[in-house]
């Protein structure tokens, strides 16, 4: 006997799910991870593995012992993405204990304290990165030179392209534009920086995959890159994988464009007048705070018409 099941809408599903989209983003991050292994070797592996393991552990422990959840959320992929993105925003010589502290802040404060996935107002990975940057500025701004595949905390350091440009603009002695890597090296990732941001090409491959799979739309990445008009790895990592976070970005396409343009403008202002060469993390977190306001005043067009009062 057939049963008539009555339920609320939606009645037609497209097959998308949180887990499917999260693992789709992880697939898009694979090229950048492989590049980091090629140029930074053991350090990149240790930093990424530690960050992912710590994020998974803290999400499980906080959910089980503090929030008393009956089911765990570590299998939906969100904690893994937070761990990978946090690692991608760190230098490859960062000590393990600092990485664990960053993971604890990202998951414990940036995500679970607000109720978990879907409730956090700020991007957890960026919250963890900024916490570490403010708490350990020396360790977070010491960048290993590429090619030291077996080195970790003892790696020889070198200036990043952004640090060189900031030094040239401010008139720092011993720095000149001739120290900048070539455009080809910037494209493939043969330069210093955070382990996941060095290769613009790898990040573009990730962007192409997510657009193809319709995991994200073009509005936020393109609006940020068009505003800044600089296609550096750090900017692209933020524009493609950080600013497009479903929970902390606007819902309408018009809102996404406003959000992206403001992130680009804030990034330029912080880079020119701030103390840090890189301003992308701060810009995204600031605009995360404005996302509810954008959603309130920039809404999609409603269909139908308003009923006339009799």
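Only residues that are out of contact with any helix residue (DSSP H, G or I) (no Cβ under 7 Å at 6 or more places or on another chain) and crowded, with 18+ Cβ neighbours inside 10 Å: list them for segment 254-271, please. Let's see the steps before the verdict.
Let us first name the residues in segment 254-271 that are out of contact with any helix residue (DSSP H, G or I) (no Cβ under 7 Å at 6 or more places or on another chain), namely 254, 269, 271.
271 - this is the single residue of segment 254-271 that is out of contact with any helix residue (DSSP H, G or I) (no Cβ under 7 Å at 6 or more places or on another chain) and crowded, with 18+ Cβ neighbours inside 10 Å.
Does segment 227-234 contain at least one residue that is on the phi > 0 side of the Ramachandran plot, touching a helix residue (DSSP H, G or I) at 6+ places or on another chain (Cβ under 9 Å) and modelled with pLDDT under 90? Looking for residues that are on the phi > 0 side of the Ramachandran plot, touching a helix residue (DSSP H, G or I) at 6+ places or on another chain (Cβ under 9 Å) and modelled with pLDDT under 90, one finds at least one in segment 227-234, hence yes.
Hey, can you tell me all the residues within segment 192-205 that are more than 20 Å from residue 93 (Cα to Cα) and crowded, with 24+ Cβ neighbours inside 10 Å? It would help to see each step written out before you state the result.
At the first step, the residues of segment 192-205 found to be more than 20 Å from residue 93 (Cα to Cα) are 200-205.
Correct list: 202, 203.
Taking residue 52, is it under 23 Å from residue 207 (Cβ atoms), in contact with a helix residue (DSSP H, G or I) (Cβ under 7 Å, 6 or more places away or on another chain) and without any contact (Cβ under 8 Å) to a residue 40 or more places away in the chain? Yes, satisfied.
Out of 215, 164, 169, which single residue is crowded, with 17+ Cβ neighbours inside 10 Å and in a helix (DSSP H, G or I)? Write out each step before concluding.
Values: 215 fails: in a helix (DSSP H, G or I); 169 fails: crowded, with 17+ Cβ neighbours inside 10 Å.
Among 215, 164, 169, only 164 is crowded, with 17+ Cβ neighbours inside 10 Å and in a helix (DSSP H, G or I).
Tell me the residue from 66, 56, 29, 85 that is exposed (fewer than 13 other Cβ atoms within 10 Å of the Cβ) and under 30 Å from residue 134 (Cα atoms), please. On inspection, the qualifying residue turns out to be 66.
Taking the condition farther than 16 Å from residue 276 by Cβ, in contact with a strand residue (DSSP E or B) (Cβ under 7 Å, 6 or more places away or on another chain) and surrounded by fewer than 17 Cβ atoms within 10 Å (Cβ to Cβ), does residue 155 pass?
For residue 155, the condition - farther than 16 Å from residue 276 by Cβ, in contact with a strand residue (DSSP E or B) (Cβ under 7 Å, 6 or more places away or on another chain) and surrounded by fewer than 17 Cβ atoms within 10 Å (Cβ to Cβ) - is not met.
Of all residues in segment 55-73, those that are touching a residue at least 12 places away in the same chain (Cβ under 8 Å) and at negative phi have Cβ atoms under 6 Å from Cβ atoms of residues that are part of a loop (DSSP other than H, G, I, E, B) and surrounded by 12 or more Cβ atoms within 10 Å (Cβ to Cβ), 6 or more apart or on another chain, in 56/74; 59/74; 60/72; 60/74; 63/69; 63/72. In the set (1) without any contact (Cβ under 8 Å) to a residue 40 or more places away in the chain; (2) in contact with a helix residue (DSSP H, G or I) (Cβ under 6 Å, 6 or more places away or on another chain), residue 104 fails one condition alone, (1). Take the conditions closer than 16 Å to residue 234 by Cα, under 17 Å from the mean Cα position of the chain (by Cα) and surrounded by 15 or more Cβ atoms within 10 Å (Cβ to Cβ) and apply them to residue 189. Does it pass? No, not satisfied.
Going by what's in this entry, would residue 251 be described as modelled with pLDDT of 95 or more and either in contact with a helix residue (DSSP H, G or I) (Cβ under 7 Å, 6 or more places away or on another chain) or surrounded by 24 or more Cβ atoms within 10 Å (Cβ to Cβ) (or both)? So that I can check it myself, show each step before the final result.
Values: modelled with pLDDT of 95 or more: no; either in contact with a helix residue (DSSP H, G or I) (Cβ under 7 Å, 6 or more places away or on another chain) or surrounded by 24 or more Cβ atoms within 10 Å (Cβ to Cβ) (or both): yes.
So residue 251 fails the test.
Conditions (1) free of Cβ contacts under 8 Å to residues at least 12 places away in the same chain; (2) within 21 Å of residue 245 (Cα to Cα); (3) out of contact with any strand residue (DSSP E or B) (no Cβ under 6 Å at 6 or more places or on another chain), marked per residue:
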residue	(1), (2), (3)
270	no, no, yes
274	yes, no, yes
279	no, yes, yes
285	no, yes, yes
294	no, yes, yes
300	no, yes, yes
303	yes, no, yes
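Residues that are on the phi > 0 side of the Ramachandran plot and either surrounded by fewer than 22 Cβ atoms within 10 Å (Cβ to Cβ) or assigned to a loop (DSSP other than H, G, I, E, B) (or both) are absent from segment 123-141 altogether.
The values are calculated or read from the model by the stated rules, or taken from the named source; none is laboratory data. Source: prediction; values computed, not measured. Quick reminder, even Gly has a Cβ in these numbers, built from the backbone with ideal geometry, and neighbours come from all protein chains shown.
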